[in-house]
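Please treat every number below as a calculation from the coordinates, not as lab data. Small disclaimer: the values here were computed from a predicted structure and weren't measured. Please note: Cβ atoms are built from the backbone with ideal geometry, for glycine as well, and neighbour counts cover all protein chains shown.
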Amino acid sequence: MQPSDPYGPSPAGQNPPPPPGHVYPPVPRRTNGMAIGALVVSLVSLLTCPFAGAVGIYLGNRARNEIRSTGEDGDGMALAGIIVGWIAVAFVLLWLCFGAVMISSVAYGV
């Protein structure tokens, strides 16, 4: 003889309800897409086009503002995108200064 179900028969095609005291696992928070984009753009800018570091800085700042208002994850990625973007911009500025010094030394024969 089968034991009777204390909850009664479940409707056709549905799972029975969970036992009392059952806790559902927490739903993971989403990672902000703009934070991922900021980090990716900043890292790619180091390897290919350092001028794109400014885009990474912009995306990182926008992502941090969104994260503060929505509570999503990804603040660390957004911050890393901002920092790496500034490093790429610094490389551009150093390259421009070096180029200006080289052009002036060639032009004036120093």
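In table form, for the structure just shown:
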item: 3J(HN,Hα) from dihedral phi, the range 75-82, Karplus parametrisation 6.51/-1.76/1.60, rounded to Hz, x for glycine, proline; result: 5, x, 5, 5, 5, 5, x, 5
item: In nm, spacing of pseudo-spin labels at Cys49 and Trp95 (7 Å Cα→C-beta vector); result: 1.2 nm
item: Shape box of the range 33-108 [Cα atoms, principal axes, largest first, Å]; result: 57, 19, 13
